[in-house]
Amino acid sequence: MKKILILLFATILLVNCRKQQEIDVEFVTHKFKEYANNLEKLEYNIQRIDTFPDGFVWNNKGFALIEKDKSDTIFGFSFYGKRNDMPKDYLYDKGIAFKISKSDKTFETEKGAYGFLGSPGGQMIPKNIFHLDSVYKTISLIETEKNYILKYEYENDTVYNDTDIVKTVELSKDSFIPNKITRTSKALGNRTFTQTILSNLKINEQVENSIKKYKSELKSFEIIQPKKRQTNNLLGKELPKVILPSLLDNNKLINLSIDKLTLIDFWEVWCGPCIASFPKVESLKKNYLAELEVIGIVSGDFENAIKLIDKKEITFSNLVGNNDLIKQFNVFSFPRYFLVDKNGIVRKEYFEFSEQIEIDIKEYIEK
């Protein structure tokens, strides 16, 4: 009898150990990889909610189809995305992005498309469909009746000034596909929140649509040839008269009169590439202190802008811009840089930070 009880106890213990193993992080991540490897096509409805540091909220719904493509070196998949509030559909396949207007049966294309996930259709594509994060501070697991929830905590992001970063990924026990992804953080002390909710999921043979089918529909559409970027009408002309308040002292008005080579940096608090380029712009200011003036212009969220330049230890001057100024300079994307020579003539315009800026600065210093 004693041997039977010992054997029974050992069996119960073994079962409990196996059960515990089934719900640990290692098991869940392994199962996710297993299912992800077998996932070829995925179709779903989506709701994406974004809350920004200034309190502004996006709440968008849409639809997407994703097809895995191991030969694709940009994303590793093709996709079709539609945001319900936008008139255009967005398709990406084999390195080419398509912007489709079904109302007038036209479409545009562009090559490369690294930034296409930021398009309205691309926003309908979560980043955690085929991969889970591998770099994090801690990870833990919560089990509910229908889902496994992986909770990630991350180191602070000093580039984009994100702190207290936490993300949860809810995986369906049936398919191990993420059905809800939530990310929270603090940006300049304010809370940010992004949540993606997937519903009506169909996988592999359940999916009747295909990227090939969507592309075949374009045969009856007219292609709009890409327009060359228009030259800014300020180039080659004298800098307009600009008088703006100082960001650090709103009562102090600055007359942007040019008496030496000047780099003007249009940026915004929400613009990640703007913030990432700050140290490079600051370096230009310090390396060419005697020959170059650097001026930043920001047009919104001034309280956090001040916090940001303080945190980043920015020493170049920053001014308060406005919508009229943005229109006058034809700034429709950020960051945007203008190089003005010592005679006040706008010589160069840059749509992102690059080594070319310093090359041009050296050239104009030597003139």
| field | Matching residues, segment 182-233, being over 30 Å from PHE107 (Cβ atoms) and in contact (Cβ under 8 Å) with a residue 40 or more places away in the chain | value | ALA187, LEU188, GLY189, ASN190, ARG191, THR192, PHE193, GLN195
| query | Among the candidates ASP85, ASP93, which residue alone is among the acidic types (Asp, Glu), more than 15 Å from THR196 (Cα to Cα) and touching a residue at least 40 places away in the same chain (Cβ under 8 Å)? | reply | ASP93
| Single condition VAL169 does not satisfy, out of (1) surrounded by 19 or more Cβ atoms within 10 Å (Cβ to Cβ); (2) assigned to a loop (DSSP other than H, G, I, E, B); (3) not aromatic (Phe, Trp, Tyr) | (2)
| request: Would you confirm whether any residue within segment 281-295 is without any contact (Cβ under 8 Å) to a residue 24 or more places away in the chain, small (Gly, Ala, Ser) and closer than 30 Å to PHE52 by Cβ? | output: yes
| query | Do we find that PHE27 is touching a helix residue (DSSP H, G or I) at 6+ places or on another chain (Cβ under 9 Å) and within 12 Å of GLY122 (Cα to Cα) in this structure? | reply | no
| field | Count of segment 128-157 residues which are part of a loop (DSSP other than H, G, I, E, B) and surrounded by fewer than 13 Cβ atoms within 10 Å (Cβ to Cβ) | value | 8
| query | Among the residues of segment 41-50, is any under 22 Å from PHE193 (Cα atoms), under 20 Å from the mean Cα position of the chain (by Cα), among the hydrophobic types (A, V, I, L, M, F, W, C) and not assigned by TED's automatic domain parsing to the domain that holds ILE306? | reply | yes
| task | Kindly state which strands (runs of 3 or more DSSP E) lie completely within segment 202-288 and contain at least 1 residues that are of a type outside the set (A, V, I, L, M) and surrounded by fewer than 16 Cβ atoms within 10 Å (Cβ to Cβ). | result | 253-255
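The values are calculated or read from the model by the stated rules, or taken from the named source; none is laboratory data. Predicted, not measured: the structure shown is a model, and the values here were computed from it. Glycine gets a Cβ as well: all are built from the backbone with ideal geometry, and neighbour counts include every protein chain shown.
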